[in-house]
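A short worksheet on the structure shown next.
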Amino acid sequence: MSGFTLVELVIVVGVIGLLATIMVPSYLNYLNAAKRTSCICNLVLIERSKDQFMVDSGGVTSTVPTWVDILPYIKNGADSLYCPAAPLSLRTYSNCYRINQAGTDPVCLMRPVQDGLPAHSLRFRPR
Ligand SMILES: [Zn+2]
């Protein structure tokens, strides 16, 4: 007679459950880290575009550039310029980011502080 006994099935289900218990939190941490990295890349892009606009316009540091000012400097357009941690309905550059004045870092407005990970900020970018 072939087939699995109930004990064998319970052991297999238990092992799968144990592996899932270990792997799911780890996967979520990697997912959040990837979102943070992507968001920081967007912040760097906004900062560089803002700097380029300031150079080209001869602006002073009290100038507050607008999206209209810096979007021409974003090579691939602003369609993919959103925080990946934002809900789908809020995934636009103006919902996700504030440019701030020249000399001040742009910020992510989604404030994704969760699971002990730092907020999306240029302070955490690799140097
Ligand atoms: Zn973000």
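Key figures for this structure:
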quantity	calculated
Sites E8 and L122 - FRET efficiency at Förster radius 35 Å, r taken between beta-carbons, to 0.05	0.05
Simple spin-label estimate for N95 and Q52 in nanometres, 7 Å along Cα-Cβ	2.6
Nearest-ten-degree value, helix 6-57 long axis tilted from longest Cα axis of the chain	10
Nearest-20 debye value, region 6-111 charge dipole, Cβ charges on Lys, Arg, Asp, Glu	120
Spin-label model distance (nm) - Y30 vs I16, 7 Å beyond Cα toward Cβ	2.1
If the convex hull is drawn through the Cα atoms of region 6-111, its volume per residue in Å³	112
Cβ crowding within 10 Å averaged over residues, with 41-50, 92-101, 21-30 ranked highest first	41-50, 92-101, 21-30
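Taken together, the values in this text are just the output of simple stated rules run on the coordinates, not laboratory data. Keep in mind that this is a model prediction, so the values were computed, not measured. Note that each Cβ is placed from the backbone with ideal geometry, even for glycine, and that neighbours are counted across all protein chains shown.
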